[in-house]
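Asks: I have a structure I would like to understand better, so I am pasting it below and will then ask my questions one at a time.
Bear in mind these aren't lab numbers, they're just calculated from the coordinates by the rules spelled out. As the structure is a prediction and not an experimental result, all values here were calculated from the model. All Cβ positions, glycine included, derive from the backbone under ideal geometry; neighbour counts span all protein chains shown.
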Amino acid sequence: MKACFLLQRNFAYLGHILAIILKNKYRVEQFCGFVNLRSSHDFLKNQKDIDYSSLLLDEDIHEEFKNTKLDLDFLKKMEKDYGIPNLWPYIAIDRVIMSNQLVREYPYDKSPYNYEEILRILQIKAKTILNFLKTEKPDFIVFSAVAAMGSMLLFHMAKKMGIKTFVIHPSYIKNSYLLSEKYDDFSYVKETANSYLEKNIIPETVLEKAKLFLENFRSAPHPHYEPAHPSKQPLQRAKQFQFLLPKNLKNNIFSLAKNFYEHYSKKDRHDYDYIGPWNYLKDSFKRKIRNLIGINDLYDQSIPNEDFAFYPLHVEPEIATLLYAPFFTDQIHLIKLIARSLPVGYKLYVKEHPMMVVYRPRSFYKEIKKTPNVRLINPAVTSFELILNAKLITTISGSVGWEGTLLKKPVITFGNIFYNQLSFVKHCKTPEEMPYLVKEQLENFKFDENELSRLIAAIFEESVDVPLSYLWEKETDSEKRKAGLEPLAELIMKKFTFKNVYA
């Protein structure tokens, strides 16, 4: 049996531990990987635990485009074989290629490549990944995320070749994760929820968990992702400039000096996705100037008893927009669409994501406020204060839509997200249908507690308790990481074994 891992950036260290567990506990014999980030690739090459038959490094493949001649015949054949239905989804998903973001800080938005160069990048990555899959022939591939050109090519090519794909998703229940064969839906959860409906029975254990989860959430609503809570982010100017405090300033100067000193000896400093100290310094300076000017004067007050719909701004760039809603990534345009779809007397309350406050430019908010029935709400106000009083929740594919659903609110989404499967959540696919969906949700909303309980029960049945964010971002002890990842490794093997035995 051969396993392949998408070893994306710093997830490579966790992915490698998963591979060790699969080897030692489940006797998976062979491994290969597609790696993003040179330091992660070097770690995997130098370790002695797993003998990877092949480790593709995205940065090395990317570099080859400079010596590659454009082959339109190959790209046309690829479009025929792997198009969705064309090749643009593979390009548009990649924030570095499209906007140079990551290398540069949001709101920077200028591609470092022209059209022909982008096609040559796509061509060389497609050819290399296709050859990799044909040579390695893995039985399954584990994805931490599908968030760039390479990972999206790997996913769809594997699908076309009949290779099992397992995408790790947060379950939207604290510290639990699940697997799906899709990157934009919970495939196994949907199967299980449908099975409950067909058999007209839900296992008592997971049903009780679902009911208790709903009861606890409704009595004390809490965000799915704790760091996104306003109390965890520097929303006020005083917090944004704490770096000037003597102790912080000393540490920051030392860190920056170290980055500049090490920059010229780093092997990855010529990689296309390398974040250089000069760009970091330049973008940080611009951000601090924006923060100094601030946007407090642009915020509006909410009005008691006012009828309003709520739209929470999304973090950018992020897969919530780029992958799940590629034709609704322009949030200013989307806000205008929602506002123009509301009945007379209604306002649209727009609130910034707390993690984006320090990044978004003042001009962005001024453009939003040009629409007369829009109020820009201070991000210090929690989303739950707005959800509870809103007549309608609108979101691309955010957790606020899920939280609104749990609180029995009408929800309209614009992106592919797992809770779209609920009959009382409406998914807007075209601008023209939005006013009609708004009217339907405001006048004929029919919440179904049993349907929601089925979905939550299915999530409990299909998920495992894994503190993945903590293991990824904070835990450094390899044995503790290994113990924490055991349930996820078991789930991977359970899904692969079941699918092969009963397929």
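Asks: Mind listing the long-range amide H neighbours of Asp300? Cut-off is under 5 Å, sequence gap 5 or more, other chains count too, H placed in the peptide plane at 1.01 Å from N.
Replies: Leu376, Ile377, Asn378
Asks: Suppose each label sits 7 Å from its Cα in the direction of the beta carbon; what would the Lys282-Glu198 distance come out to in nanometres?
Replies: Roughly 5.7 nm, to one decimal.
Asks: What fraction of the DSSP beta bridges in the chain is antiparallel, stated in percent and rounded to the nearest 5?
Replies: The antiparallel proportion sits near 15 percent.
Asks: Also, quick follow-up: Starting from the coordinates of the alpha-carbon atoms of the range 369-492, obtain the Kirkwood hydrodynamic radius over all distinct pairs and give the value in Å to one decimal.
Replies: Values: mean 1/r = 0.0580 Å⁻¹.
Averaging 1/r across every pair of different Cα atoms and inverting gives 17.2 Å.
Asks: Determine ³J(HN,Hα), in whole Hz, for all residues of the range 288-298 in sequence, where each value follows from phi through the Karplus function 6.51 cos²θ - 1.76 cosθ + 1.60 and θ = phi - 60°; x replaces Gly and Pro.
Replies: For the range 288-298, the Karplus-derived couplings read 5, 5, 4, 5, 5, 5, x, 9, 4, 6, 8 Hz, x marking Gly and Pro.
Asks: Please work out how much length the chain gains when fully extended from Tyr225 to Lys494, using 0.36 nm per residue of separation minus the C-alpha to C-alpha distance, in nm with one decimal.
Replies: Values: separation 269, 0.36 × 269 = 96.84 nm, distance 2.75 nm.
Separation in residues times 0.36 nm, less the Cα-Cα distance, equals 94.1 nm.
Asks: Relative to the compact globular guide of 2.2 N^0.38 Å, what is the alpha carbon radius of gyration of the chain, as a ratio?
Replies: Numbers: Rg = 23.6 Å, N = 503, 2.2 N^0.38 = 23.4 Å.
Expressed relative to 2.2 N^0.38 Å, the Cα Rg reads 1.01.
Asks: Which loop-located chymotrypsin sites (Phe, Trp or Tyr not before Pro) does the range 257-332 contain, where loop means any DSSP state but H, G, I, E or B and the Cβ has at most 13 other Cβ atoms within 10 Å? Show your work: numbers first, answer last.
Replies: Details: sites: Phe260, Tyr261, Tyr264, Tyr272, Tyr274, Trp278, Tyr280, Phe285, Tyr299, Phe308, Phe310, Tyr324, Phe327, Phe328; in loops: Tyr264, Tyr272, Tyr274, Tyr299, Tyr324, Phe327, Phe328.
Taking the range 257-332 and a limit of 13 other Cβ atoms within 10 Å, the loop chymotrypsin sites (Phe, Trp or Tyr not before Pro) found are Tyr264, Phe327.
Asks: Name the residue from Ile456, Met98, Leu298 whose Cα lies farthest towards the positive end of the charge dipole of the chain, charges +1 on Cβ of Lys and Arg and -1 on Cβ of Asp and Glu.
Replies: Leu298
Asks: Here's a follow-up. Starting from the Cα-Cα distance between Asp465 and Glu449, subtract it from 0.36 nm times their residue separation and give me the gain in nm to one decimal.
Replies: 3.3 nm
Asks: Here's a follow-up. If eta is 0.890 mPa s and T is 25 °C, what Stokes-Einstein diffusion coefficient results for the range 30-160, Kirkwood Rh from Cα pairs, in µm²/s?
Replies: For the chosen part, D equals 157 µm²/s.
Asks: Once you keep just the Cα pairs under 8 angstrom separated by 6 or more residues, what percentage relative contact order results for the range 347-503?
Replies: 12 percent
Asks: Please state, rounded to one decimal and in Å, the Kirkwood hydrodynamic radius that the range 405-469 gives when every pair of distinct Cα atoms enters the mean of 1/r.
Replies: The Cα-based Kirkwood calculation yields 13.3 Å.
Asks: What FRET efficiency would be calculated for the residue pair Thr371, Asp73, taking the C-beta separation as r and a Förster radius of 35 Å, to the nearest 0.05?
Replies: 0.15
Asks: Along the Cα-to-Cβ line of Thr205, 7 Å from the Cα, sits a label point; which residues in the range 459-486 have backbone N less than 11 Å from it?
Replies: Once the point is set 7 Å along Cα→Cβ of Thr205, 461 turn out to lie under 11 Å by backbone N, inside the range 459-486.
Asks: So how compact is the range 217-320: Cα radius of gyration and Dmax in angstrom?
Replies: 19.3, 61
Asks: Express the relative contact order of the chain as a whole percentage, based on alpha carbon pairs under 8 Å and six or more residues apart in sequence.
Replies: Reported relative contact order: 17 percent.
Asks: Continuing with this model, one more query. Can you run phi through the Karplus equation (6.51, -1.76, 1.60; θ = phi - 60°) for the range 140-154 and list ³J(HN,Hα) in whole Hz, with x for Gly and Pro?
Replies: 7, 10, 9, 10, 7, 6, 10, 9, 7, 4, x, 5, 6, 4, 4
Asks: Here's a follow-up. May I ask you to evaluate 6.51 cos²θ - 1.76 cosθ + 1.60, the Karplus curve with θ = phi - 60°, for each residue of the range 367-376 and list the ³J(HN,Hα) values in order in whole Hz, giving x for glycine and proline?
Replies: Along the range 367-376, the couplings run 5, 4, 6, 5, 7, x, 9, 10, 10, 9 Hz.
Asks: Moving to a separate point now. Quick one: divide the alpha-carbon radius of gyration of the range 1-42 by 2.2 N^0.38 Å and tell me what you get.
Replies: 1.12
Asks: While we're on this one: For labels at Phe43 and Glu385 in the simple 7 Å Cα→Cβ model, what's the distance in nm?
Replies: Placing both labels 7 Å along Cα→Cβ, they lie 4.0 nm apart.
Asks: Rounded to a whole number, what is D in µm²/s for the range 297-452 from Stokes-Einstein with the Kirkwood radius over alpha-carbon pairs (37 °C, 0.692 mPa s)?
Replies: 211 µm²/s
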